[in-house]
Amino acid sequence: VNDNIKFLIIFFLSVGQILLLIGGFNWWIDPYDIYHPAEYKSNDPVWMSKQLRLAKAYRVKQLKPQGIVIGASTSQLGIDPDHPGWRENVYPRYNLALPGANSYESFRFFQHSHALNPPKQVLIGLDFVSFNVFSKLSDDFNESYMVVSREGKRQDYFLTDLVITLFSLSAIKASQKKMFYRGEGTHFSNGTEIGEEIDSQPRNNRSTMMWSATKFVTRLLMPPPTHRFCLDDGVRANPSFQYLRQILETAKESEADVRLFIQPTHVYLLEVLKTLGMMEEYEKWRHRLIDLVESVNKKYPKNLKFPLWDFSGYNTVTMDEVPPAEELKHPMDWYYDVGHFKKSLGDLIQDRIFNYSDAERVVPKDFGIQINSKNIDLYQRAQRSKQMEYMLVHQEEIKELAGRVNVIKKKIRDFDCS
C-alpha cells in the first residue's frame with residue numbers, strides 16, 4: 001500500500017511539475033498577448049496568434065476601445081481605424097473584424113466590447129456571405145471569451161480561459177510559432193491585419209483571380225457540408241438580420257455614431273453570382289438591409305441616423321483591371337484577390353463615409369453611394385446596365401470565369417430555399 005501511495009505522490013508531483021513548466025513557458029511567451037501585453041501604439045506591428053478570436057477578445061478587455069470596426073476578413077485587412085476621419089476624441093480605436101466571422105460572431109464581439117466600454121463610433125462592414133442561414137460558427141469561436149452572455153448577463157470563465165491560454169496544446173503551438181517568428185508582425189496594434197506580405201507575392205494575375213473567384217463558391221458562398229446559400233429557409237426568419245438589428249438598437253440606446261457599408265468586392269464576384277443565378281438574391285439582400293436600417297432609425301427618431309453605404313456593384317474601383325496571367329509581377333491597383341482589398345482602398349471607403357478630404361488621393365465620383373428606400377430601385381437598374389457594359393468589354397474573361405463556375409455548379413446538388 002505504501003508503495004502505491006508513494007507512486008501516486010511521485011506521479012502527481014511529476015505531472016504538476018510538467019504542467020507548471022508548460023504554464024510558465026506559455027506565460028513567458030504569452031502568445032495571445034494577455035499576461036504582459038504590448039503598449040498600444042496604433043500602427044506598431046505586433047504578432048498575433050491565428051486564434052484571433054481569443055487574442056482580440058482579450059485585447060478589447062485591455063483597451064476598452066471607444067471606436068471599433070466590425071466585420072469579416074475584408075474589414076480586418078482593408079479598414080484601418082487610425083484613419084483621420086474618425087472623431088479625435090474617440091480613442092483608442094480597434095479593428096474587431098475577424099476572418100470568416102458570421103453575423104452572430106460580430107454581434108457577440110460587439111456585445112463584449114459594449115459591456116466593457118460602450119463605443120462612441122462603430123464602423124460595420126457587411127458581407128453577403130455572412131447572411132447565409134447555413135453559415136457556421138468559426139472553429140476558434142468560444143462563448144467563454146465574452147464578458148457577457150448572449151442575454152447580456154455578466155459571465156466569468158477565468159479558470160477555463162486559464163487552461164486554454166496556459167495549458168492547452170493550442171497554446172503550446174502558438175507559443176512555438178511566436179518564439180520562432182522572424183517577421184515584424186502579423187497585425188498592427190489596432191487590430192488591422194498587415195497586408196504588405198500579401199502584396200509582395202506574385203499573386204495578382206488573372207489565373208489567381210479566377211482561382212479565388214471559383215474557390216469563393218465552395219468555401220464562402222456555399223460552404224460545406226451543405227453547400228447551399230439561402231437568405232431564408234422557409235421555416236424561420238434569418239437570425240443574421242436580427243443580430244444586426246440588436247447591434248444597431250444597442251448602439252442607438254448608447255447614442256453611438258454608427259456607419260454601415262457593403263464591401264466593395266471585385267466585379268468578378270458579381271459575375272460569379274450572375275452565373276449562379278443569384279443576383280436577384282443579392283439585390284434582395286440590399287433591400288432587406290435598407291429596410292432594417294431605416295426601421296431602426298425610425299424607432300429612434302431623436303438619435304443620430306445611421307447611414308448605409310454601398311461600395312459594391314460596378315464602378316471605377318471594383319472594375320479594377322485584372323492583369324493577364326503571364327504578367328506575374330503586375331499587381332492590381334486595389335485588390336489582393338476577388339474579395340480582399342488593400343488599405344489604400346479602405347482609406348477611400350472611409351474618406352467617403354466620414355466625408356474626409358485628403359489632397360494625396362481622390363475618391364472616384366461613382367465609388368460609394370448612400371442607399372435608401374427612395375433610390376435603391378433606380379440604383380439597381382443602373383447597376384444592371386453597367387453590368388451589361390462590363391460584359392461587352394470583358395467577354396473573354398467572363399466566358400472563362402463562367403465556364404469555371406459552371407463546372408462547380410454541376411457538382412452542387414440543387415436546393416430550394418423555400
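Observations
One line per residue, one yes/no per condition, for (1) modelled with pLDDT under 95; (2) among the charged types (D, E, K, R); (3) surrounded by 19 or more Cβ atoms within 10 Å (Cβ to Cβ):
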| site | (1), (2), (3) |
| --- | --- |
| GLN242 | no, no, no |
| LEU248 | no, no, yes |
| ALA256 | no, no, yes |
| ILE262 | no, no, yes |
| VAL267 | no, no, yes |
| MET279 | no, no, no |
| ARG286 | no, yes, yes |
| VAL293 | no, no, yes |
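- Enumeration of residues in the range 300-331 that are basic (Lys, Arg) and touching a Lys or Arg at 6+ places or on another chain (Cβ under 9 Å): none
- Residue among VAL122, VAL148 that is more than 23 Å from LEU77 (Cα to Cα), surrounded by 15 or more Cβ atoms within 10 Å (Cβ to Cβ) and in contact with a strand residue (DSSP E or B) (Cβ under 7 Å, 6 or more places away or on another chain): VAL148
- Applying the set (1) loosely packed, with under 13 Cβ neighbours inside 10 Å; (2) out of contact with any helix residue (DSSP H, G or I) (no Cβ under 7 Å at 6 or more places or on another chain); (3) among the charged types (D, E, K, R) to LYS409 leaves exactly one unmet item: (1).
- The number of residues in the range 295-304 being surrounded by 14 or more Cβ atoms within 10 Å (Cβ to Cβ) and in contact with a helix residue (DSSP H, G or I) (Cβ under 8 Å, 6 or more places away or on another chain) comes to 3.
- Filter result for PRO31 (out of contact with any Ser or Thr (no Cβ under 8 Å at 6 or more places or on another chain) and modelled with pLDDT under 95): no
- Among all residues of the range 49-67, there is at least one that is closer than 24 Å to LYS153 by Cα, touching a Leu at 6+ places or on another chain (Cβ under 7 Å), not aliphatic (A, V, I, L, M) and not in a helix (DSSP H, G or I).
- Considered as a group, the residues in the range 162-179 that are surrounded by 14 or more Cβ atoms within 10 Å (Cβ to Cβ) and in contact with a helix residue (DSSP H, G or I) (Cβ under 6 Å, 6 or more places away or on another chain) include one that is farthest from MET48 (Cα to Cα), and that residue is PHE167.
- Looking only at the range 280-298, and only at residues there that are in contact with a strand residue (DSSP E or B) (Cβ under 7 Å, 6 or more places away or on another chain) and β-branched (Val, Ile, Thr), the one that is farthest from ASP232 (Cα to Cα): VAL293
- Screening the candidates LEU304, LEU308, LEU248, LEU289 for the property of being among the hydrophobic types (A, V, I, L, M, F, W, C), touching a residue at least 40 places away in the same chain (Cβ under 8 Å) and under 25 Å from VAL362 (Cα atoms) yields one hit, LEU308.
- Picking from residues in the range 12-70 that are in contact (Cβ under 8 Å) with a residue 40 or more places away in the chain and of a type in the set (Gly, Ala, Ser), the one that is nearest to LEU116 (Cα to Cα) is ALA57.
- Residue within the range 189-196 that is more than 20 Å from PRO37 (Cβ to Cβ) and at pLDDT below 80 present: yes
- At least 2 residues being polar (S, T, N, Q) is the threshold, and among the helices (runs of 4 or more DSSP H) wholly inside the range 212-328 those reaching it are 239-253, 279-299.
- Taking residues in the range 371-391 that are of a type in the set (Gly, Ala, Ser), and partners anywhere that are part of a helix (DSSP H, G or I), the pairs with Cβ atoms closer than 9 Å and at least 6 places apart or on different chains are SER373/HIS287; SER373/ILE290; SER373/ASP291; SER373/GLU294.
- Residue within the range 123-143 that is assigned to a helix (DSSP H, G or I), within 16 Å of GLN51 (Cα to Cα) and in contact (Cβ under 8 Å) with a residue 12 or more places away in the chain present: yes
The values are calculated or read from the model by the stated rules, or taken from the named source; none is laboratory data. Treat the numbers as computed from the prediction; the structure is a model and nothing was measured. Here the Cβ is made from the backbone with ideal geometry for all residues, glycine too, and neighbour counts use every protein chain on show.
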